[in-house]
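Peer 1: Dropping the structure in here first, questions after.
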Amino acid sequence: MIDGRPAPPAPAGHRRTLVRRTTRQRFVRLGFYALFVAIVVVVVAAADWERLGRSFFRWEIAQEQFPDIVVIAAKNTVVYTAIAFVGGLFLGLIFAIMKLSTILPYRWFATVYIEIFRGLPALLTIFTIAFVLPIALGVRVPGGAVGAGVVGLVLVAGAYMAETIRAGIQSVPKGQVEAARSLGMSPSRTMLSIVLPQAFRLIVPPLTNEFVLLIKDTSLLYIAGSSITTKELTTFARGEAAAASNATPLLVAGVLYLVITVPLTRLVAWLERRQGRAR
Amino acid sequence: MTTAQTSKPSDPAIEVVGLRKSFGENEVLCGIDFRVDAGEVVCVIGPSGSGKSTLLRCVNMLERATVGSVTIEGIDILDPDTDIDAVRAKIGMVFQSFNLFPHLNVLRNLTIAQQRVLGRSKDEAERVARHNLERVGLDEKEQAYPAHLSGGQQQRVAIARALSMDPDMMLFDEPTSALDPELVGEVLAVMRSLAAEGMTMMVVTHEMGFAREVADRVVFMDAGLIVEQGAPDDVLGKPTHPRTREFLARVLDPTHVPVSEAPDDVRGGFPLPDREDSTPPKLDEHGH
C-alpha cells in the first residue's frame, strides 16, 4: 500500500475511501512518469552532443572500420563463442553426469573442477591456460595464444554449464526414470532418450544466458595476445580507437555486439513461446 | 541372463520368499512370502503405508529388497549376474502417476522402448503400437502429446505402452488413484479385458469392486505383512482377521470409526479418544 495512514472514518464511507485511494494512486503513477520524462529531458538537454559526436561518432572513422571489423573481428567473436559454447556444453554434460554419479571419486572430481573454474575470474583462467600451461606441461594448443585462451574459456563455460545441466537433469521427475527403466531401458539409454531431452528443454533459457555471457567474455581473450587476423571485436576496436585517437570504433563494436546478441535472444524467446504452445 | 537360469513353464510368474525391505531405520516389509502363477490375477489391498506398493516395486527391482529372494519365472532378479533390464522388459509396469514421456507423442511413447530395447524395426514397432492403442480404444490419439490427454486417456496409453513390449505379466501400482472419479471406469474396463485375455496381473488397488469381480486371489496387507489372502469372496465377503474387517469397514464406509469394538492390536498403542459409540452424531435433531 502506498500510504499507511488509516482510512478516514466516514460512516457511509467504505466506498468513498476506495475512490479516494484510487485517485491518489493515479496521482502517484503520474508523478513517477513525470519524473522519468524530466530526467530523460534533462540528460538529453544537458549532454554536449557536439563533443559526444566528435569523440564517439565520426562518420569517416566509422566507415574506415569496415569491412575489417565485420569480416575479421565480429567473425572471430562469433567463432570463439561458438567453440567455447559447444566445448563448454560437452564438458558441462560430462561433469554434470559425473556429479550425479553414484561413484564417489567422480563426484569429487566434478565438484573440484566446478568450484575451481567457477570461482576463478575468467581472465585469470584464460591467462593461466594461455601462458602457464604451455610452459608447465609443454603443451602447444592449436591456434597459438588465442587458441589457448579459447581453451580457458571452454573450461570456464564448462563449469557454469555443468551446474545448469545438473539442475536440469534433477528437475526431470523421478517417475520418468522409473518408467523408462521398467520398460527395460539401460541407465545410459534412459539418460539419453528420456532424461536429457526433457532436461535440455528446461534449461534453454539459462543456456541462452550462458551463450550471451560467453559472447561478451570473448573480449577477455586480449590477455592471451592476438595477431591482426585473430583479434575479436573488443580487442580490434580498442586498437583502432587508439590508432585514431577517437572512440568511434568502440561505438561501432558495441553496435555489432548487439547485432549478434539481440536476434539470438529474440530467436530463443520465439522458440520458447512456440514450445510453450506445443506442450 | 545366465544359461543356468532358463525358466520352465512350471515356474510361478512371481515368487517372493522372506522379503524384507527397510528404508533406513524404517522397516516397510517385514517378511513377505508371496506368489503369482502364470495367468493369475492377484489384487493387493490394504491401508496406505502397509507396504503394498513397495512389494510391487520390489518385484521389478525399482526397490531393492533388503533381505529375501524375488524370482521372476524362475530367474533370481537379486542375483548380480542377472540382466535386470532383460527381466524388466518382460514385466509391464503401470504407475499411479502414468509417467508418460511428455516430450514424445503417443506413438513414440509406445515405440521407443520396442526399438531401443527389443531391437524392433520402426515399422514393426509402429504396427505393434497401433494394435495396442486399438486395444485400449485410443487409436485416434497416436499423434497427440500426453499433456493434451485426460488422465484416463494417459493411463490407457501407459497400459498400451507396457503391452507393446509383449510382457509376460503386468504390474499395476494404484492405477486409478490419481484419476478423477468419472475417469476410473475406462481404465478399469481396459484392465478387466486384459484379465479376461489371460494376462498375469498383480494389481495394487483401492477399487474393491474391481478386486471382487476380476481377481482370482485377493491379498490383504497391513504393517508390512500379509495378513490374509484367498478368493475375493472370502477375503472381501467374510474376512477372518479383525484387521481385514476393520480395513474393509473403513473403505466401504469412510465415516466408520469403530474404535470401541476394535481389538487392541488395531489401535496399535495410539492414544485414540474413547467414544461412547461409533454412530455419527444425529444432525437432524438440530435441524441441519
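The values are calculated or read from the model by the stated rules, or taken from the named source; none is laboratory data. Keep in mind that this is a model prediction, so the values were computed, not measured. Here the Cβ is made from the backbone with ideal geometry for all residues, glycine too, and neighbour counts use every protein chain on show. These accessible areas exclude ligands, DNA and RNA; they are computed on the full protein's heavy atoms, side chains included. Shrake-Rupley method; radii C 1.70, N 1.55, O 1.52, S 1.80 Å.
Peer 1: Only protein chains counted, 1.4 angstrom probe. Which residues of the range A:193-207 are at least 30 Å² less accessible in the assembly than when their chain is isolated?
Peer 2: A:SER193, A:ILE194, A:GLN198, A:ARG201
Peer 1: Over all distinct Cα pairs, what is the inverse of the mean 1/r for the range A:236-279, reported as the Kirkwood hydrodynamic radius in Å? Walk me through the numbers before you get to the answer.
Peer 2: On the way: mean 1/r = 0.0804 Å⁻¹.
It works out to 12.4 Å.
Peer 1: Hey, another quick one. If all Cα-Cα distances of the range B:9-114 are sorted into 10 Å bins from 0 onward, what percent lands in each bin, rounded to whole numbers?
Peer 2: Calculated P(r), rounded to whole percents: 13, 41, 33, 13, 0.
Peer 1: Continuing with the same structure: From the phi angles alone, apply the Karplus equation (6.51, -1.76, 1.60; θ = phi - 60°) to the range A:182-196 and give each ³J(HN,Hα) in whole Hz, x where the residue is Gly or Pro.
Peer 2: Couplings: 6, 7, x, 6, 6, x, 6, 5, 4, 4, 6, 8, 10, 7, 4 Hz.
Peer 1: Can you give the Rg/Rh ratio of the protein assembly as shown, where Rg is from the C-alpha atoms and Rh is the Kirkwood radius? All intermediate terms of the calculation are to be shown ahead of the outcome.
Peer 2: Values: Rg = 33.8 Å, Rh = 30.0 Å.
On the Cα set of the protein assembly as shown, Rg over Rh gives 1.13.
Peer 1: List the accessible area buried at the contact between B and A, summed over both sides and calculated with a 1.4 Å probe, in Å² to the nearest 100.
Peer 2: On the way: alone 14330 and 17420 Å², together 29880 Å².
Heavy-atom accessible area buried at this interface is about 1900 Å².
Peer 1: Still on this structure, I have one more. Between A:LEU267 and B:VAL67, what's the calculated FRET efficiency when r is the beta-carbon distance and R0 is 51 Å? Round to 0.05. Numbers along the way, then the final one.
Peer 2: On the way: r = 57 Å, r/R0 = 1.11.
The value I calculate is 0.35.
Peer 1: Quick one: order A:LYS99, B:LYS141, B:LYS238 from most to least accessible surface, probe 1.4 Å.
Peer 2: On the way: A:LYS99 45, B:LYS141 75, B:LYS238 135 Å².
Putting A:LYS99, B:LYS141, B:LYS238 in descending order of accessible area: B:LYS238, B:LYS141, A:LYS99.
Peer 1: Given C-alpha coordinates of the range A:65-169, what is the ratio Rg to Rh with the Kirkwood estimate of Rh? If you can, show how the numbers build up before the last one.
Peer 2: Details: Rg = 15.5 Å, Rh = 14.7 Å.
With Rh from the inverse mean 1/r over Cα pairs, Rg/Rh is 1.06.
Peer 1: So for B:CYS43, B:CYS30, what's the accessible-area order with a 1.4 Å probe, most first? Mind showing how you got there, number by number?
Peer 2: Numbers: B:CYS43 0, B:CYS30 35 Å².
The ranking, largest first, comes out as B:CYS30, B:CYS43.
Peer 1: Counting only protein heavy atoms, what percent of the accessible surface of chain A is carbon or sulfur at a 1.4 Å probe? Intermediate results must be reported in sequence, preceding the final value.
Peer 2: Values: 11420 of 16460 Å².
Carbon and sulfur: 69 percent of the exposed surface of chain A.
Peer 1: Might you work out the accessible area of A:TRP270 for me, using a 1.4 Å probe with all protein chains in place, and round it to the nearest 10 Å²?
Peer 2: 120 Å²
Peer 1: Work out how much length A:ILE103 to A:LEU52 would gain on full extension: take 0.36 nm times their residue separation and subtract the Cα-Cα distance, in nm to one decimal.
Peer 2: Values: separation 51, 0.36 × 51 = 18.36 nm, distance 6.03 nm.
Working it through step by step, the gained length comes to 12.3 nm.
Peer 1: Another one. How big is the gap, in Å, between the Cα center of the range A:196-260 and the Cα center of the range A:22-56?
Peer 2: Comparing the Cα centres of the range A:196-260 and the range A:22-56, I get a distance of 31 Å.
Peer 1: Heavy atoms of the protein only, probe of 1.4 Å, neighbouring chains included. What is the accessible area of B:GLU15 in Å², nearest 10?
Peer 2: So the heavy atoms of B:GLU15 present about 60 Å² to solvent.
Peer 1: Expressed as a whole percentage, what fraction of the accessible surface of chain B belongs to carbon and sulfur atoms when a 1.4 Å probe is rolled over the protein heavy atoms? Please report the intermediate quantities before stating the final value.
Peer 2: On the way: 6490 of 13420 Å².
Carbon and sulfur atoms account for 48 percent of the accessible area of chain B.
Peer 1: Can you tell me what the convex hull of the Cα atoms of the range A:73-278 projects to on average, as an area in nm²? Please report the intermediate quantities before stating the final value.
Peer 2: Details: hull surface 54.9 nm².
So the Cα hull casts an average projection of 13.7 nm².
Peer 1: Okay, moving on. Using only helices, what value at 222 nm comes out for chain B when you add -39,500 (n - 2.57) per DSSP H run of length 4 or more and divide by the total residues, to the nearest 500 deg cm²/dmol?
Peer 2: -9000 deg cm²/dmol
Peer 1: What accessible area per residue comes out for the range A:73-278, rounded to a whole number of Å², with a 1.4 Å probe? Numbers along the way, then the final one.
Peer 2: Working: 9970 Å² over 206 residues.
Per residue, the range A:73-278 has an accessible area of 48 Å².
Peer 1: Ignore the peptide's own chain and count Cβ atoms of other chains within 10 Å of each Cβ in B:99-105; give me the average, rounded.
Peer 2: Numbers: counts 9, 3, 8, 7, 10, 4, 0.
Averaged over the peptide's residues, the number is 6.
Peer 1: Another question, then. Counting only C-alpha contacts under 8 Å and six or more residues apart, can you give the relative contact order of chain B as a whole percent? Write out the running numbers ahead of the final one.
Peer 2: On the way: 506 pairs, mean separation 62.2, N = 288.
In percent, rounded to a whole number, it is 22.
Peer 1: May I ask you to list the trypsin sites (Lys or Arg not before Pro) in the range B:19-61 that are in a DSSP loop and have at most 10 other Cβ atoms within 10 Å of their Cβ? List each step's numbers first, then the result.
Peer 2: Working: sites: B:ARG20, B:LYS21, B:ARG35, B:LYS52, B:ARG57; in loops: none.
Listed in order of number, the matching sites amount to none.
Peer 1: In this model, which of B:LYS52/B:LYS90; B:LYS90/B:LYS141; A:LYS174/B:LYS21; A:LYS75/A:LYS216; A:LYS174/B:LYS52 are farther than 24 Å apart at the alpha-carbon?
Peer 2: Numbers: B:LYS52/B:LYS90 21 Å; B:LYS90/B:LYS141 26 Å; A:LYS174/B:LYS21 20 Å; A:LYS75/A:LYS216 14 Å; A:LYS174/B:LYS52 20 Å.
Check vs 24 Å cut-off fails for B:LYS90/B:LYS141.
Peer 1: Tell me, what are the semi-axes, in whole angstrom and largest first, of the equivalent ellipsoid of chain B as set by the roots of 5 times the Cα gyration tensor eigenvalues? Write down the numbers at each step before the final one.
Peer 2: Details: eigenvalues 261, 128, 50 Å².
Equivalent-ellipsoid dimensions as semi-axes: 36, 25, 16 Å.
Peer 1: Enter the Cα centre distance for the pair the range B:120-156 and the range A:77-98, rounded to the nearest angstrom.
Peer 2: 38 Å
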